[in-house]
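Q: Dumping the structure here so I can ask a few things about it.
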Amino acid sequence: MSSPQLDRLLAASRLVGIDIGARGGFSDDLAPVGAAVEAIGFEPDQTECARLNESAKTDTLGYRALRYVPTAVGRAAEQRTLNLYRKRGCSSLLEGNTEFAKQFARDHWFILDEQIPLTTERLDDAATRFAFTDAAFMKIDIQGAELEAMQSAPKLVGESLLCIRSEVEFAPLYIDQPLFADIDAELRGKGFMLVGFPELHSWRRGSEAKPDRWSGGSTPLSEPEVIHGDALYFRRPDLLEVDTQAGQDRAINHALLSFVYGRLDLCASVLSRPQVAARIRDLSGGDAQTLIADLGRLHVSRQRRRMGRSAFKQLREYLRVVWR
């Protein structure tokens, strides 16, 4: 299912998105509006970054443009140490909290295999050096160092970004790390609002088993505790200035990002503003209300496909438990 008006709008728009922590490839979150997206992934490993850029020459993953930059962001331009843990996805600039992880049978995740020296730079400096000072979207997943990266970018976070998907922890996986409440306070102070949690991960004490899996012992099934996840923030729509063409284009990007994450009411409220609706007509040749209806149909179609896959997965896990 497609929308000719949306296709025209995407062709006439430009949305810069960054993915900090893009090892393995750029996030697919923006795929529904990929024709408008200039995607930039962060990969500090020079060899991996070169490999990804070589791959992007022939496959942009559906984005208008795709490139990777070889940098690590942090609180300042300084020498740091990257801790490579046995579970590579937990590797971090911070020290793993093995005593906490042990309570959930995950201390082996934080066995230190290697320490790699690297140089970090402020996110605002990286934005200038790699030419993405006008980025509208950021996904960031750097294992506990998200807040320091955000605080190193008062211009990018405070003025440019419209949507942020950040990994957050509700419990201390790393020593002295900021938690969700700290990131929430920082972003609310910069004009963002929390709209939801695209991912939440819960752990059970004494077992690495997933919440819906049988673990044996005296508590074979148990409701878990939420430990970490991803939080989704949008710039408050009342802060969007739409008196200029540049402001109207930013508002359109805000609406496109709202559509990507299924916030159709937020999307419609922005597109319905008279100045934005007039800009929509100029760019797409159609009216805003028709576009809103098209986006609604596309979202419903997407949700039906997701629900079908989810129902099958839930049934499979239920049968696995029942048939034990």
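Laboratory data are not the source of any read-out in this text; all were calculated from the coordinates shown. Since the structure is predicted, the reported quantities are computational estimates derived from the model, not experimental observations. All Cβ positions, even for glycine, are placed from backbone atoms using ideal geometry, and neighbour counts span all protein chains on display.
Q: Run the simple label-point estimate for Ser269 and Gln115 please: 7 Å along Cα→C-beta, distance reported in nm.
A: It works out to 4.9 nm between the two label points.
Q: Order by neighbour count: Ser284, Ser55, Ser27, fewest other Cβ atoms within 10 Å first, most last.
A: Listed from fewest to most nearby Cβ atoms, that is Ser55, Ser27, Ser284.
Q: Normalized C-alpha radius of gyration of the chain, against 2.2 N^0.38 Å?
A: 1.07
Q: Using the count of nearby Cβ atoms within 10 Å as a rough guide to exposure, how do Ser152, Ser215, Ser272 rank from fewest to most?
A: Going from least to most buried by this count: Ser272, Ser215, Ser152.
Q: Scan the stretch 182-230 for GluC sites (Glu not before Pro) in coil per DSSP, keeping those whose Cβ has at most 14 other Cβ atoms within 10 Å, and list them by number.
A: Counting only loop positions with at most 14 other Cβ atoms within 10 Å, the GluC sites (Glu not before Pro) in the stretch 182-230 are Glu208.
Q: Moving on. If I model a spin label as a point 7 Å beyond the Cα along the Cα-Cβ vector, how far apart are those points for Ala105 and Leu200 in nm?
A: Reported label-point gap for Ala105 and Leu200 is 2.3 nm.
Q: Rank these for me by crowding, Lys102, Lys57, going from fewest to most other beta carbons within 10 Å.
A: So the ranking, lowest neighbour count to highest, is Lys57, Lys102.
Q: Shifting gears a bit: Per 0.36 nm of contour for each residue apart, how much would the distance between Glu223 and Glu78 grow if the chain were fully extended, relative to their Cα-Cα spacing?
A: 47.9 nm
Q: Still on this structure, please answer the following. When the C-alpha atoms of the stretch 211-258 are aligned to their principal axes, what extent does each axis show, in angstrom, from largest down?
A: So the three principal-axis extents are 64, 16, 11 Å.
Q: Let me ask another. Farthest toward the dipole's positive end in the chain, which of Thr58, Ala181, Gly286, given Cβ charges of +1 (Lys, Arg) and -1 (Asp, Glu) about the Cα centre?
A: Gly286
Q: How much length, in nm to one decimal, is gained on full extension between Asp282 and Lys210, taken as 0.36 nm per residue of separation minus their Cα-Cα distance?
A: 20.8 nm
Q: Consider all pairwise Cα distances in the stretch 94-133 and report the whole-number % of them above 11 Å.
A: 72
Q: Turning to a different aspect of this structure: Placing one identical point scatterer on every Cα of the stretch 206-293 and ignoring solvent, what is log10 I(q)/I(0) from the Debye formula at q = 0.14, 0.15, 0.26 Å⁻¹?
A: -0.56, -0.60, -1.26
Q: In cubic angstrom, how much convex hull volume per residue do the alpha carbon atoms of the stretch 3-113 span?
A: That works out to 143 Å³ per residue.
Q: Helix 46-56: angle to the longest alpha-carbon principal axis of the chain, degrees 0 to 90, nearest 10?
A: That works out to roughly 40 degrees.
Q: Which angle between 0 and 90 degrees, to the nearest 10, do you get for helix 274-284 versus the longest principal axis of the chain when only C-alpha atoms count?
A: 90
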